[in-house]
Structures are given as structure tokens and as C-alpha cells.
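Read the figures in this text as sums done on the coordinates, not as results from a lab. What you see is a predicted model, and the numbers here were worked out from it, not measured in a lab. Note that each Cβ is placed from the backbone with ideal geometry, even for glycine, and that neighbours are counted across all protein chains shown.
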Amino acid sequence: MKPMAERVDPELVAVADGLAEIGFNIDLTDIPATRERLATLLAAMAEGAPPIEGVEMTLHEAPHADGSFNVPLRVFHPEQREGKLPVMLWIHGGGYVL
């Protein structure tokens, strides 16, 4: 079997290395705490992102089937729109713990 470093996409290794450089280490021994730290990091990154001109984003939540948590949803649409528009649904297929 290949070593882990050879089984991970090099672009993802670069991202993980970049996170480590800013002091964010992925700790799989405490996943809830790591998820919280990642959420804080992503929120800080989003604050610095410039708005996309002509695009409006709204945040929503949909309850999980068993009611244990809400699934966050982002809806992006043009600010100027008339009538029905086409839609693209993108769902992360899972497999990642964070």
C-alpha cells in the first residue's frame, strides 16, 4: 500500500501545509473542536472576500431528516432577474470529517 502522502492529491497537501503555516493544525482526535476552529477561520476568510457585483447571496437552513441539526444553504442569484431562472444544485458528497 502507498504511504498516505502518495495517496493524497498534491493540491490538498499544499492546502493542509498552508493551514499549518498559519497555525491551523487538523486534529482528528478532537473533531468537534477542530470543526469549530475551522468555522472561525472560514468566517474570517469570508469577511475579507470582496462582494461579487451583480450577485445576491442569501443564507438559509434546512432541518436534517432526524431534526438533530440544520443543513446550511446558500442561494446565489442575479440581483436583476425576471421570471424563472435555471438552477444548479451542488451538494458536497461527504467523505470529509471537517
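Computed quantities for the displayed model
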item	result
Exposure rule at most 15 other beta-carbon atoms within 10 Å, DSSP loop trypsin sites (Lys or Arg not before Pro): the chain longest free segment	1-80
For GLU56, distant residues with modelled amide H under 5 Å away	HIS77, GLU79
Packing rank of 27-33, 48-54, where each peptide gets the mean count of other beta carbons within 10 Å, highest leading	27-33, 48-54
Cut-off 19 Å (backbone N to label point 7 Å along Cα→Cβ of PHE76), residues of region 20-45	42-45
Student exercise, region 20-98 dipole from Lys, Arg, Asp, Glu Cβ charges, in Debye to nearest 20	200
